[in-house]
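The values are calculated or read from the model by the stated rules, or taken from the named source; none is laboratory data. Every value quoted in this text rests on a predicted model; they were computed, and no experiment measured them. Here the Cβ positions follow ideal geometry from the backbone for every residue, glycine too, while neighbour counts run over all protein chains shown. When the accessible area is computed, the model is the full protein with side chains, heavy atoms only, and any ligands, DNA or RNA have been set aside. Shrake-Rupley method; radii C 1.70, N 1.55, O 1.52, S 1.80 Å.
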Amino acid sequence: MRSVAPLATAGLAAALVALAVAPGTLAAAPGNTTPQRREPAKARVTLTVDAARGRHTISPLIYGVNFASQVSGLGKAFRVPVDRWGGNSTSRYNYTDNTYNTGSDWYFENIVATGDGTLGSLIRTDRKRHTSSLVTVPMIGWVSKDSPRQHPFTCSFPKTDFPDQGGFDPYDSNCGDGVHGSTDLTADPSTTSTAVRAGFDKRMVSHLVSSYGRASHGGVGFYDLDNEPDLWNSTHRDVHPSPLSEGELWTKSHQTSRAVKSADPTAKVLGPSDWGWCAYYYSAVDDCGSSTSDRDAHGGLPFGAWYLKQFARAQRNGGTRLLDYFDEHFYPQESGVALSPAGDAATQALRLRSTRALWDPHYVDESWISQANGGRPLAWIRTMRAWVAKYYPGTKIAISEYSWGALDSMNGALAEADVLGIFGRERLGLATLWGPAKASDPWAYAFRMYRNYNGHGATFGSRSVRAVSSNQGRLAVYAATKAPHGALTMMVVNKTGSAISAPIRLRHFAAGAKARVFRYSAAHLHKIARGAAVAVRHGRLTETYPASSITLLVLPRR
């Protein structure tokens, strides 16, 4: 029998990956224990860290996880700063009876959550772990009705009403997929759901405040304005078959954010929390740019930029900031990368290159996004910052769902370590990883390198400083200083299949005599190993970084 815990499933479009992949290979498969080759002298990489430049605070909220309270072993691995209650199942979650609908992810069934699958359980676990909760509030206009806890479940397309469908739940033969041939069937929303407005969200937040206190007093700190609304007409087409328009999103976002702030003025609101490139630039009415009628009718701006502009105007008119974080999801669209196993050597190389889409103004995406974006670099975090600066200054930026896949492999750990470094350097305000299963997998060791590298809670620095690699694609580097004594932490990610010996040139830092070394690699997939200390001579230190490895150097101030 299937679990009744909420389905932790990302939006449909997160899996819309490209069919064509640009050529390129990098390294042997991770886990290779054959003797490592060193790069030839002509390919040597140099690293430079300047402690006086590029200084800014790294938000601790970038190290978040979706449904962290349900990840096996995570509570002991490292402290998660923020835990998100999100995904498709939360769009119609009814807090009054813990019922949600699976939508198109699983035959549009109403499921009653129990045990650690409830919202209350997540919040209580988070409080015990000193983790902030990020809770999705329904905005779609419907929430699930109280339903049977056992089969047969209440569902939108029962066989008794729709006998001819493409498929039926193998565990509940009365519940169908709502497809007849190539046609989506039309459901009666009231079969599974109850119509609600923003008042429901106000009551929901008020209930959470009554149960756990305001955000400012340890209650729920953050609220997402639903989940991937640009896909409602797909994931929740049984209750919202029409494509989302810009006007509908703004009306519902405005009303819902006001409801949240009314119930808890100290809480932070995130939105629009949509799925990817199409939703960054177009409403569902415009169908990823197939049309521009909706966009043109609203001033011609990219959807996300227009959204920010509306909230800025609302604050000018009403005097209250209703949106605290401009939040979008990010799933790399290259074939075989997001939400996928490690794959072959070419796919692993592609995964490690594709992190550049977050920031690199010279990197053109190696997926269908390249053509959709007019051949221009995406540089998504920098684009988000630019939109905020122009249309709603003071808004923080967030990525509340992302995944580079391969979470159970060294290749995935390398990508995750690179992404976390990028998040800190590029001034992201909050991020939560999607889809991890257990804290014994390599992805969690990438997090440990930033959040608990010595097993006693030691963390990567909190103040980013300038770190530059002569070849970031081979040997990525990130650096930050630690309070209170100003030690310098340097994270080096070797993305290649060869050991690389590289010097780090230090500037504007009074270095101690030696740097401590902590390393995660294919040689020890279930622990972070201590390496021999590295001496500092004349403002530089040289270390050899094993193939496919993550190395942290901790250098005290003299």
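Quick check: anything in segment 485-496 part of a strand (DSSP E or B), over 14 Å from V49 (Cα atoms) and open to solvent by 10 Å² or more (accessible area, probe 1.4 Å)? Write out each step before concluding.
If we filter segment 485-496 for residues that are part of a strand (DSSP E or B), which is where we start, we get 488-494.
Applying the additional criterion that residues be over 14 Å from V49 (Cα atoms) yields 493-494.
Right, trim to open to solvent by 10 Å² or more (accessible area, probe 1.4 Å) and you get none.
No, the conditions are met nowhere in segment 485-496.
All but one of (1) modelled with pLDDT of 95 or more; (2) surrounded by fewer than 16 Cβ atoms within 10 Å (Cβ to Cβ); (3) touching a strand residue (DSSP E or B) at 6+ places or on another chain (Cβ under 7 Å); (4) not small (G, A, S) hold for P163; state the number of the condition that does not hold.
Condition (3) is where P163 drops out.
Return the residues of segment 260-296 that are touching a strand residue (DSSP E or B) at 6+ places or on another chain (Cβ under 8 Å) and of a type in the set (A, V, I, L, M); say none if nothing qualifies.
V260, A267, V269, L270, A279
If you check R505 against the conditions, is it open to solvent by 60 Å² or more (accessible area, probe 1.4 Å), more than 16 Å from L414 (Cβ to Cβ) and touching a residue at least 12 places away in the same chain (Cβ under 8 Å)?
Working: open to solvent by 60 Å² or more (accessible area, probe 1.4 Å): yes; more than 16 Å from L414 (Cβ to Cβ): yes; touching a residue at least 12 places away in the same chain (Cβ under 8 Å): yes.
Taking the combined requirement at face value, the residue satisfies it.
Considering only segment 419-427, I want to know if a residue exists there that is within 16 Å of W380 (Cβ to Cβ), crowded, with 24+ Cβ neighbours inside 10 Å and acidic (D, E).
no
For the subset of segment 392-422 comprising residues that are out of contact with any strand residue (DSSP E or B) (no Cβ under 7 Å at 6 or more places or on another chain) and aromatic (F, W, Y), which member is nearest to L433 (Cα to Cα)?
W404
From the list A431, A480, exactly one residue is more than 21 Å from R351 (Cα to Cα), in contact with a Gly (Cβ under 9 Å, 6 or more places away or on another chain) and not in a loop (DSSP other than H, G, I, E, B). Which is it?
On the way: A431 fails: more than 21 Å from R351 (Cα to Cα).
Going through A431, A480 in turn, the sole match is A480.
Would you mind finding the one in S206, S173 that is free of Cβ contacts under 8 Å to residues at least 60 places away in the same chain and assigned to a strand (DSSP E or B)?
None of the others qualify; the one that does is S173.
I'd like the residue in segment 176-186 that is in a loop (DSSP other than H, G, I, E, B) and within 11 Å of W106 (Cα to Cα) and, out of all such residues, is farthest from the chain's Cα centre (by Cα).
At the first step, the residues of segment 176-186 found to be in a loop (DSSP other than H, G, I, E, B) are 177-178, 181-182, 185-186.
Now narrow it down to the ones that are within 11 Å of W106 (Cα to Cα): 177-178.
Details: D177: 28, G178: 30 Å.
Top of the filtered list is G178.
State all residues of segment 524-558 that are surrounded by 17 or more Cβ atoms within 10 Å (Cβ to Cβ) and on the phi > 0 side of the Ramachandran plot; if no residue qualifies, say none.
Within segment 524-558, S548 is the sole residue that qualifies.
For segment 352-374, which positions are more than 16 Å from the chain's Cα centre (by Cα) and over 25 Å from L231 (Cα atoms)? Break it down stepwise before answering.
Initially, segment 352-374 is screened for residues more than 16 Å from the chain's Cα centre (by Cα), giving 352-353, 360-374.
Result: L352, R353, D360, P361, H362, Y363, V364.
Filter segment 225-280 down to the residues that are open to solvent by less than 10 Å² (accessible area, probe 1.4 Å), part of a helix (DSSP H, G or I) and of a type in the set (D, E, K, R) and list them by number.
Answer for segment 225-280, where residues must be open to solvent by less than 10 Å² (accessible area, probe 1.4 Å), part of a helix (DSSP H, G or I) and of a type in the set (D, E, K, R): just E246.
Can you tell me which of N454, N471 is surrounded by fewer than 19 Cβ atoms within 10 Å (Cβ to Cβ), closer than 23 Å to K76 by Cβ and more than 17 Å from the chain's Cα centre (by Cα)?
Values: N471 fails: closer than 23 Å to K76 by Cβ.
Going through N454, N471 in turn, the sole match is N454.
In this structure, is D146 under 31 Å from the mean Cα position of the chain (by Cα), more than 30 Å from F326 (Cβ to Cβ) and open to solvent by 40 Å² or more (accessible area, probe 1.4 Å)? Reasoning before the result, please.
Working: under 31 Å from the mean Cα position of the chain (by Cα): yes; more than 30 Å from F326 (Cβ to Cβ): yes; open to solvent by 40 Å² or more (accessible area, probe 1.4 Å): yes.
Yes, satisfied.
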